Structures are given as C-alpha cells and as structure tokens.
Amino acid sequence: MTDASVSRPPPLLDSRLEILKKRLFSNWFDGIVTLVAGSALVWIVVSIVDWAFLNAVWSEAEASRCREVSGACWSVIEARGRLVLFGLYPSEQHWRSTLACLVIVLTMILSCLPAMWGLKRLPALWIAGFGTFVILMYGGIFGLSVVTTEQWGGLSLTVFIFAGVFVLGMPMAVGLALARRSKLPVIHWLAAVFIDTVRSLPLLTILFAAAVVVPFVVPHWAQGDKLGRVIVAFAVFYAAYQAEIIRAGIQSIPSGQEEASQALGMSYRAVVFDIILPQAFRNTLPSTINQVVITFKETSIVTIIGFFDVTASASAAVGRGEWGAYYVEIYVFVALIYFVFVFGLSRYGAYLERRTRLHHG
Amino acid sequence: MQRIIRNRRARGYLIQAVVLAASLLLTLSFILTARDNLVSQGIATGFGFLERSTGWPINFSIVEVTDRSPYSRMLLAGFLNTIIVGLAGLAGATCVGLIVGLMRVSSNLILNVLGTVFVETFRNVPLILQVIFWYAIFTHLPSPRGAIDLAGFGFLSNRGLMIATPSWSSWDLLILVVVIIATIVAARRFGGDRLLTKWGIGVAAVVALATALLFFGHDPDTPLISRPELKGLRFVGGATIKPEFSALLIAIMVFGGAYIGEIVRGGFLSVDKGRLEAARALGLSTTQINRFIRVPLAIRAMLPALTNQYVWLMKATTLGIAIGYPDYFMVVSTSINQSGQTMELLLLLMVGFLIINYTISGSMNWINSRLAIKGRS
C-alpha cells in the first residue's frame, strides 16, 4: 500500500458516468427497476413516434389512405382545424380572429416581463390589449363588419373568456381582499361570507346560475347577453380565489410597515397602493400564476353551458360524419393547444419562484 | 355634514349602513323579480314539487329509480351518484398520486422521467377535455358481439364493462356487519401494539368473511358467481359498469393523480434533511428511517394540501354532465328545466355541495389533528 492511495481524498464531484450509475444501478433491485421501467419508457416513446410520425398520414389529399395505415390521420386537422380554431366565426373574417388572438397572447407575454409590473402600467396594458381584441372581434368601426358574440368560437373565444375573467376579476379580487381585511365589521363579514360561499361551490354551478338563473331574478334591462353574464360570473369565481391569495400576501407584510406609513400621515389610498399592494403582489406571484393557469384550463367548462370554445368545437369537429373515427387526433391537437399555454405559464411560474427565492435568500 | 364625513367613526358607520342597505335592497329586488316571474309562469313556490313524479329517467343509479319516481328520490339518486364517483375517484387518484409522487422522489432516473412526464401531460390539459376523451375511447369500443374478453373477469364493449359478480343474498349485509364488529373488537382486545397479531386478526377476518359468504351468503339454487353472457345483441348476468361512470372515474383518477403526485412529492421534499442524517447517524436502517421518520413526517406535511385537493376533485365531478353522467348537478339542472322550481333547486344544490365539502374538510381536519405531533401547536 502506497502513501498516495491512502492520502488521496475521494473526488468532490462524481464524474458524469458515476452519477448515472448511481441513479440507475445503485444496487441489484434498482437495476431491475431501471430495466423494467426503462423498457416501458422505450415502448411508450416508440409507439408514440410510430403512431404520430412514422405511420401517419399528413395531408388532406391523402385522406383515403387513413383507413389503411396504423398511425395517426393528421389529415383531419387540415380538414377540420379551422372549425376547431375559429368555431362559427365567418370564414372570410378569420384573419381578425387570428390577429385578436395574437394581441392577447402578446399582452400576456408583455405582462410577464418585470419591466411592466406596476400598478399603473399593468392595468393600462391589459385594458389596451383587451380593447383591441374586442374591436377586432366585434367590429363595427374602422370599416370592420359586425360579428356578434353568438358567432364567436374556437380558440379566440377561449382566449377572450380568459382575458375577460382576468381583467374583471383582478380588480374585484383586490376589492374583496381589502374588504375582508376592513376594520368595519359589516364590510368584513359580508366579504368573508361572499368569498367562502363562492369558494365552496363548483364553478360549473356558478356559471350555470349566471346563464340560466340570472334572467330569472334580474330585471330584463340589466341582463346583458349570455356571454357577458358568464364572464362576469367566472370573474367573480376567480376573484374569490385570488382575493384569498392577495390576503395571504398582505398578511405576510410586517404590520410595522402599515403603522409606520400611517404615522407618517399617508392617506389610506397611498398606504394601500404604494406600500401594501405592490409587496403583496410580489410575495404571491407564484400562487397568482398558479391560479391564472387553473383559470385558463377551466375556461373549457363553458362548453357545458353551450359555448363554442375550443373544447366544444373539437367535439363538434369529430361529432358526426366522415372524420368521426379520428377523434384521437383532434383531441390530441386541442390538448396540445392547451398544453402550450398552460405549460408555458407554469414554467414561467417556476422561474418566478426561483427568482423570488434568490432575492429574499 | 362635512364634520360627519371628516369624523372617522361616523364615516365608518355611514359606509357600513350604505353597504348593508345596498346589499339588502339588491337581495330584495332579486326576490321580487323572481316572484313576478314565477307568478307570470304559474309556478307555485315551495318544496311541494319534491313529491311529484319526474317523468324522466336517468341512466345510472344505485337506488332504484324509474321515470315515475318523485323528485326527492331522483335527487337522492343523483346525490349518491356524486358521492360514489367522488369517493371512487378520490381513492383512485390517491393511489395514482402516491405511485407518481414516489416515482418522482425516488433516486432512480428513469422513474423520475416517467413520473414527470405523467404529471406534466395530465396536469396541463383541462379535466373536461380528458373526460370527453376517455368517453370517446369507451364509446368507440367494439359492440357487445365483438366485445373484448378480459380473460374470464368480464367483457369490455361500447355498452360498458361487464363484470362477474358474486350472487349474494340478503344475509350478506348482516354477515358483513357482524364480521366487521367482531374484527374491531378482536383488534382492540388482543391487538395491542404487536403488528403481527393485528395482521393475523385481519387475515382471519377476511377468511371468516369469505367462508361465511360462501356457505350462507347465497341462495342455494343460484350459481356462486353470476357471469355475464352474450345473449343475442346484449349481455345478461353479472354487473355492468357504464362507460359514463368509467370515463369520469378514469379522468378524475389520472388528473387528480397528477396533482396529488405533486403534493406527495412536496411532502417528501419538505422532510428536513438533518433529521434523516440524524437518524442515519443513530444507526437506523433505511427501512426504519422510511417507516419511522420519513413517511410520518411527509404525511403530516401533505395533509392540508390534500384536503384542498379532495374538496376540489369532489366539485370537479360535476363535469360528468358533459358526457351524461347523472350526478347531483345534472339531476338538479334537469329538474330545473323540467319543473321550473329554480330557486328551490338551486338552494338544494348549494346545500348538497356544502354538506359534501364540509364533511371532507371536517374529517380531514380531524385526521390532521389526530396525527399532529404532540406538544406542538
């Protein structure tokens, strides 16, 4: 035994191969698990690639081959994709629907940039984006023909409901959170009862009530159209959840800050908007993003109360006729659309979580 | 007037009075408009309609209902349907979530990858799309004639899953209750802290139950097990699990499993590394560390999030209406369409979900307080 072999310390970092060995074959049981799970993984990947790419038919022109091959028949996307994306929107106006979607997506991306985070900038951005969307979709000015909300559908309807819920729901949530923290007992209890009741009900029942029951209990002149009612009800639902998130954010701020600013003679409005809310929002960004993600997915529920969003139009696209057998392809296509939005948003949320953790140690 | 507005307390009272008056006025106007509408449609208010017969059937129920059944029974059937698919879904989602969560915290790279892919795939697609997708899969299965044979256990066709069931008589419930009580008493009396005795009692109870059911549980002239058989165009015998139920159940299991998997993972990651190192330093084996340190601490960390998830999943069963599963919400909304008793039925709907939610969160909080580490808040 030489001195060198005794005194040399083990390397601080394992080589890559050793890490791999440790994580795949650390003992015999681990090795068996790796082999079994690995072959399952390979089988899954191979069958998906086989189905989606190798044996697939890609163009509508070749649709007749769909019956012969074992893979996916993507021709159905070419044939029915427009129905899925645009619903019943007049086909010569599809560019407006596309542009409107892009505007909202751009607004979403812009509001993800830290430079845009401000209690004045962010609302301004969303009101501008939302306004442009409505003008593009509804028309009536700048020589655009009017397209009523009954004809809206597909992806742009999904995006519209989402944006509408966010734009209406966020101010409501701030109001509810402040009301629940109010020192006036009546305001506090009304807000608490309202929030807890809404949170204990399924979203579907609230939307159903808005679509079916509101015409019953609200005078005719105050009803608005069905889409508007549903978006307001959805916004109320979102606000009840978001209000609790904001309240948690407010509670995480040391009370000394509020007392100090009151001691300095700042008005209630200044304390709330300059001291409390900016910090509350920053502290709760991850859970806010999470709630936004859930809201985006839940827009699909409007399918049930008769709206033609992207989920409903997917069902309609395969509902009857020649393409009925290729339902998997359509549903996978729609699932991918949702996936892109939701996965992107949740990755962004994870990034924010890391970022805030770095800033606050 | 100016002085009142300046005065803090007076202003507080003023604001509260205005808000209270406004909300009361709003409620009053709702009630008045609703009454006007009811009168003009000739609908009598009150819960008298619950005794009227419905005139429409539902396609799935565990209590016997026909289109002659009164509204009260139909609502009960819907409520039970919600409970059944909800409980089965929660149990299934918890199993899936446990497996996926453990895969994600395991040291094995391939299990990590599989778990992550599962979670990211099923969590990022709306539940309703998944429900519709599974339903489409089930209804595109071959017809009963070409049904898929599941190696003697049953048949899978577009009418649902036909499974063999033991043909039990009315003695079953009695036997079941007796055996369960006997087991609990025996476990209390002899079990103590010894794990082996507890297992022994459990095995003995299962054996006793099986024997009792085998000899006394079924009518002498019926076969022991009722198997589904193809007669003409449909199956006779056994039990049928409808595709609506299966599709909703699988969707909730998979979607809920992805979320619960994350909760499980979070629970395990929250266990302080120092405690595990301390346990190792004390010479505990890996199994002992898992059993006495890691799992108990992880479960405590999971429970609050799990409660929220359970309540959420229970509410999500309402999506069954998209594929025609007659849960409580679907029965209520059909009743509203058919009878016009909007306000009463909406009240029943809210009460039903409040009961379900508070039962879940109440029992989870009870478990939580029982499990909480003693001597800590």
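Checking the conditions here, which among B:I360, B:I299 is within 12 Å of another protein chain (Cβ to nearest Cβ), out of contact with any Cys (no Cβ under 6 Å at 6 or more places or on another chain) and part of a helix (DSSP H, G or I)?
B:I360
Just to be sure I understand, how many residues within region A:1-30 are out of contact with any helix residue (DSSP H, G or I) (no Cβ under 6 Å at 6 or more places or on another chain) and either modelled with pLDDT of 85 or more or charged (D, E, K, R) (or both)?
So the answer is 8.
Please go through region B:111-157 and give me each residue that is away from chain A (no Cβ under 14 Å) and among the acidic types (D, E), ordered by number. Before you say what the answer is, go through the steps one by one.
Here is the first cut: in region B:111-157, the ones away from chain A (no Cβ under 14 Å) are B:143-157.
B:D149, the sole residue that qualifies.
Say whether the condition of being part of a helix (DSSP H, G or I), within 30 Å of A:H220 (Cβ to Cβ) and within 37 Å of the chain's Cα centre (by Cα) is met by at least one residue in region B:65-85.
Yes, there is a match, as at least one residue in region B:65-85 is part of a helix (DSSP H, G or I), within 30 Å of A:H220 (Cβ to Cβ) and within 37 Å of the chain's Cα centre (by Cα).
How many residues, within region B:21-35, are within 25 Å of B:Q338 (Cα to Cα) and at pLDDT 80 or above?
4
Does region B:300-308 contain any residue that is free of Cβ contacts under 8 Å to residues at least 40 places away in the same chain and farther than 25 Å from B:A88 by Cβ?
There is at least one residue in region B:300-308 that is free of Cβ contacts under 8 Å to residues at least 40 places away in the same chain and farther than 25 Å from B:A88 by Cβ.
Applying the selection to region A:344-357, what residues are within 11 Å of another protein chain (Cβ to nearest Cβ) and surrounded by 17 or more Cβ atoms within 10 Å (Cβ to Cβ)?
A:L345, A:S346
What number of residues within region A:21-34 satisfy the criterion of being more than 9 Å from every other protein chain (Cβ to nearest Cβ), out of contact with any Gly (no Cβ under 9 Å at 6 or more places or on another chain) and not polar (S, T, N, Q)? Step through it out loud before you land on a result.
The first filter runs over region A:21-34 and keeps only residues more than 9 Å from every other protein chain (Cβ to nearest Cβ), leaving A:21, A:25, A:27-29, A:31-32.
Filter again for out of contact with any Gly (no Cβ under 9 Å at 6 or more places or on another chain), leaving A:21, A:27-29, A:31-32.
Now restrict to residues that are not polar (S, T, N, Q): A:21, A:28-29, A:31-32.
Qualifying residue count, region A:21-34: 5.
I'm told B:P57 meets every condition in (1) away from chain A (no Cβ under 14 Å); (2) in a loop (DSSP other than H, G, I, E, B); (3) farther than 30 Å from A:Y331 by Cβ except one. Can you identify the failing condition by its number?
Exception for B:P57: condition (3).
Checking the condition within 20 Å of B:A91 (Cα to Cα), at pLDDT below 90, in contact with a helix residue (DSSP H, G or I) (Cβ under 9 Å, 6 or more places away or on another chain) and assigned to a helix (DSSP H, G or I), which residue from B:N337, B:N308 passes? Reasoning before the result, please.
On the way: B:N337 fails: within 20 Å of B:A91 (Cα to Cα).
Just one listed residue meets the conditions, B:N308.
Any residue at all in region B:312-324 that is at positive phi, in the same structural domain as B:T82 (by TED's automatic domain parsing) and not aromatic (F, W, Y)?
Taking region B:312-324 as the starting set, the residues that turn out to be at positive phi are B:324.
Now drop any that are not in the same structural domain as B:T82 (by TED's automatic domain parsing), which leaves B:324.
Then drop every residue that is not not aromatic (F, W, Y), which leaves B:324.
The answer is yes; a qualifying residue exists.
Could you tell me whether any residue of region A:35-44 is surrounded by 13 or more Cβ atoms within 10 Å (Cβ to Cβ), over 35 Å from the mean Cα position of the chain (by Cα) and either among the acidic types (D, E) or within 13 Å of another protein chain (Cβ to nearest Cβ) (or both)?
Checked region A:35-44: at least one residue is surrounded by 13 or more Cβ atoms within 10 Å (Cβ to Cβ), over 35 Å from the mean Cα position of the chain (by Cα) and either among the acidic types (D, E) or within 13 Å of another protein chain (Cβ to nearest Cβ) (or both).
Restricting the search to region A:45-76, which residues are over 34 Å from the mean Cα position of the chain (by Cα) and within 10 Å of chain B (Cβ to nearest Cβ)?
Matches in region A:45-76: none.
Is there a residue in region B:71-84 that is among the β-branched types (V, I, T) and over 19 Å from B:L346 (Cβ atoms)?
Yes, region B:71-84 has at least one match.
Which residues, counting only those in region A:173-204, are more than 14 Å from chain B (Cβ to nearest Cβ), under 25 Å from A:M108 (Cβ atoms) and either among the β-branched types (V, I, T) or surrounded by fewer than 21 Cβ atoms within 10 Å (Cβ to Cβ) (or both)?
Of everything in region A:173-204, just one residue is more than 14 Å from chain B (Cβ to nearest Cβ), under 25 Å from A:M108 (Cβ atoms) and either among the β-branched types (V, I, T) or surrounded by fewer than 21 Cβ atoms within 10 Å (Cβ to Cβ) (or both), namely A:V174.
Being closer than 25 Å to B:G55 by Cβ, part of a helix (DSSP H, G or I) and within 14 Å of chain A (Cβ to nearest Cβ) narrows it down to one residue among B:L313, B:L346; which is it?
Matching residue, one of B:L313, B:L346: B:L346.
Regarding region B:244-258, can at least one residue be identified that is outside any loop (DSSP other than H, G, I, E, B) and over 30 Å from A:I305 (Cβ atoms)?
no
Quick test for you: out of A:Y338, A:Y326, pick the one residue that is touching a strand residue (DSSP E or B) at 6+ places or on another chain (Cβ under 6 Å), touching a residue at least 40 places away in the same chain (Cβ under 8 Å) and not aliphatic (A, V, I, L, M).
Testing whether each residue is touching a strand residue (DSSP E or B) at 6+ places or on another chain (Cβ under 6 Å), touching a residue at least 40 places away in the same chain (Cβ under 8 Å) and not aliphatic (A, V, I, L, M) leaves just A:Y326.
Being part of a helix (DSSP H, G or I) and either polar (S, T, N, Q) or within 11 Å of chain A (Cβ to nearest Cβ) (or both) is the filter here, so list the residues in region B:29-46 that pass it.
Within region B:29-46, B:S29, B:F30, B:I31, B:L32, B:T33, B:A34, B:R35, B:D36, B:N37, B:L38, B:S40, B:Q41 qualify.
Given the conditions (1) in a helix (DSSP H, G or I); (2) surrounded by 18 or more Cβ atoms within 10 Å (Cβ to Cβ); (3) not hydrophobic (A, V, I, L, M, F, W, C), report the number of the one that B:E277 does not fulfil.
If we test B:E277 against (1) in a helix (DSSP H, G or I); (2) surrounded by 18 or more Cβ atoms within 10 Å (Cβ to Cβ); (3) not hydrophobic (A, V, I, L, M, F, W, C), just (2) comes out false.
Yes or no, residue by residue, for (1) more than 14 Å from the chain's Cα centre (by Cα); (2) assigned to a helix (DSSP H, G or I); (3) surrounded by 17 or more Cβ atoms within 10 Å (Cβ to Cβ):
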site	(1), (2), (3)
A:G118	yes, no, no
A:A124	yes, yes, no
A:A128	yes, yes, no
A:F133	yes, yes, yes
A:F142	yes, no, no
A:V159	no, yes, yes
A:A163	no, yes, yes
A:V167	no, yes, yes
A:P171	yes, yes, no
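Identify, please: which residue in region A:224-264 is among the small types (G, A, S) and closer than 17 Å to A:R180 by Cβ and is, among those, surrounded by the fewest Cβ atoms within 10 Å (Cβ to Cβ)?
A:S255
Considering only residues that are within 26 Å of B:N308 (Cα to Cα), more than 9 Å from chain B (Cβ to nearest Cβ) and buried (at least 21 other Cβ atoms within 10 Å of the Cβ), which ones fall in region A:289-337?
Hits for region A:289-337 are A:V292, A:T295, A:V302.
Of all residues in region A:215-233, how many are hydrophobic (A, V, I, L, M, F, W, C) and within 14 Å of chain B (Cβ to nearest Cβ)?
Going residue by residue through region A:215-233, those that are hydrophobic (A, V, I, L, M, F, W, C) are A:216-218, A:221-222, A:227, A:230-233.
Imposing the further condition that a residue be within 14 Å of chain B (Cβ to nearest Cβ) reduces the set to A:216-218, A:221-222, A:233.
Of the residues in that region, 6 qualify.
Going by the structure shown, is B:V351 in a helix (DSSP H, G or I), among the β-branched types (V, I, T) and more than 12 Å from every other protein chain (Cβ to nearest Cβ)?
Details: in a helix (DSSP H, G or I): yes; among the β-branched types (V, I, T): yes; more than 12 Å from every other protein chain (Cβ to nearest Cβ): no.
For B:V351, the condition - in a helix (DSSP H, G or I), among the β-branched types (V, I, T) and more than 12 Å from every other protein chain (Cβ to nearest Cβ) - is not met.
The values are calculated or read from the model by the stated rules, or taken from the named source; none is laboratory data. This one's a predicted model, so the numbers in the text were calculated from it and none came from an experiment. Cβ sites come from the backbone with ideal geometry, for glycine too, and all protein chains shown count toward neighbours.
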